[in-house]
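The values are calculated or read from the model by the stated rules, or taken from the named source; none is laboratory data. The shown structure was predicted, so the numbers you read here are calculated from the model rather than taken from an experiment. Note: ideal-geometry Cβ built from the backbone for every residue, glycine included; neighbour counts use all protein chains shown. Side chains are part of the model used for accessible areas, which takes the heavy atoms of the whole protein and leaves out ligands, DNA and RNA. Shrake-Rupley method; radii C 1.70, N 1.55, O 1.52, S 1.80 Å.
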Amino acid sequence: MKEIIKIAIDSPAAAGAGTQAKLIAKHYNLFYLDTGKIYRFIGCEKIKNKKNFNYELIRKKIKKLKIKDLENKKLLSNKVATEASIIAKDKKIRKIVHNFQKKCAYKPPKKFNGSILDGRDITSVIMKDASIKFFITANVRIRALRRFKELKSLNKKITYNEVLKSIKKRDKSDYQRANSPLKKTKDSILINTSNLTKRSCFLKIKQIIDKKIKLNGNL
Ligand code: C5P
């Protein structure tokens with residue numbers, strides 16, 4: 001059986017990982033999953049369904065979950081992001097979404113050459129044996145400014161300081177939580193996007209991937 005390419009990315013919020021993952025997916029024809037969207041989807045359910053929110057409901061929703069559901073614009077708000085980082089601390093919830101992510105990573109649709117996932121525990125838990133791993137980060141003020149501009153372009157009412165505060169809070173929770181905390185694994189390549197344009201960052205990552213392909217014959 002042909003070996004599939006598996007690329008794993010972890011990053012703190014708004015570091016540019018999603019943008020880069022999409023560009024890499026397109027270039028190498030890989031199936032892309034933004035795993036943060038799954039936690040946002042559950043966070044959104046909690047906001048909608050406060051009274052009936054329980055593990056059974058989450059299990060049912062995840063069973064029926066389609067990639068298209070993760071494209072819902074509602075998932076992009078700051079409120080949903082905050083709720084996502086709260087529910088993401090729950091070990092049982094992480095267990096429920098584990099298989100969905102594994103399936104995307106290890107059994108992507110046949111038309112793709114492999115998969116690329118980004119999140120907080122992809123290099124350390126979901127795709128431990130990925131062909132190549134990246135830890136993408138950037139200065140917190142730069143990340144807040146990028147996210148602020150993104151939310152403004154979606155007409156969200158929010159100030160830069162609110163975004164900065166919320167990203168700092170999420171960073172703290174994501175790095176320090178007991179279950180699957182965000183960390184840079186030893187075998188991950190560090191990419192700091194603070195002073196890089198989208199294009200120059202993509203070219204840097206592409207160079208690393210191409211070098212690895214040349215060395216191994218494939219990834
Ligand atoms: O990546 P994004 O900002 O959309 O993720 C929202 C939240 O989901 C994160 O702050 C984090 O708490 C959680 N998350 C996670 N594990 C992942 C992806 C996201 O805990 N693999």
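Summary of values
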item: Test: residue in the range 111-128 that is open to solvent by 60 Å² or more (accessible area, probe 1.4 Å), more than 13 Å from the chain's Cα centre (by Cα) and closer than 20 Å to LYS26 by Cα; result: yes
item: Residues satisfying the stated conditions in the range 32-44, i.e. open to solvent by less than 30 Å² (accessible area, probe 1.4 Å) and either touching a strand residue (DSSP E or B) at 6+ places or on another chain (Cβ under 6 Å) or away from the ligand (no atom under 13 Å from the Cβ) (or both); result: LEU33, THR35, GLY36
item: Test for ALA8: is it within 13 Å of the ligand (Cβ to nearest atom) and either in a loop (DSSP other than H, G, I, E, B) or at pLDDT below 95 (or both); result: no
item: Residues of the range 1-22 classified as more than 21 Å from LEU75 (Cβ to Cβ) and surrounded by fewer than 18 Cβ atoms within 10 Å (Cβ to Cβ), total; result: 3
item: Boolean, ILE62 is open to solvent by 10 Å² or more (accessible area, probe 1.4 Å), farther than 30 Å from LYS204 by Cβ and of a type in the set (Val, Ile, Thr); result: yes
item: Failed condition for LYS172, given (1) open to solvent by 60 Å² or more (accessible area, probe 1.4 Å); (2) under 19 Å from ILE4 (Cα atoms); (3) under 19 Å from the mean Cα position of the chain (by Cα); result: (2)
item: Subset of the range 86-109 [away from the ligand (no atom under 13 Å from the Cβ) and surrounded by fewer than 14 Cβ atoms within 10 Å (Cβ to Cβ)]; result: LYS92, ASN99, LYS103, LYS107, PRO109
item: Search result, residues across the range 1-47 that are of a type in the set (A, V, I, L, M, F, W, C) and without any contact (Cβ under 8 Å) to a residue 60 or more places away in the chain; result: MET1, PHE41, ILE42, CYS44, ILE47
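Conditions tested, residue by residue: (1) touching a helix residue (DSSP H, G or I) at 6+ places or on another chain (Cβ under 7 Å); (2) in contact (Cβ under 8 Å) with a residue 60 or more places away in the chain; (3) buried (at least 17 other Cβ atoms within 10 Å of the Cβ).
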| site | (1), (2), (3) |
| --- | --- |
| GLU162 | no, yes, no |
| LYS165 | no, no, no |
| THR185 | yes, yes, no |
| LEU190 | no, no, no |
| SER194 | yes, no, no |
| ARG199 | no, no, no |
| LEU203 | no, no, no |
| LYS212 | no, yes, no |
| LEU215 | no, no, no |
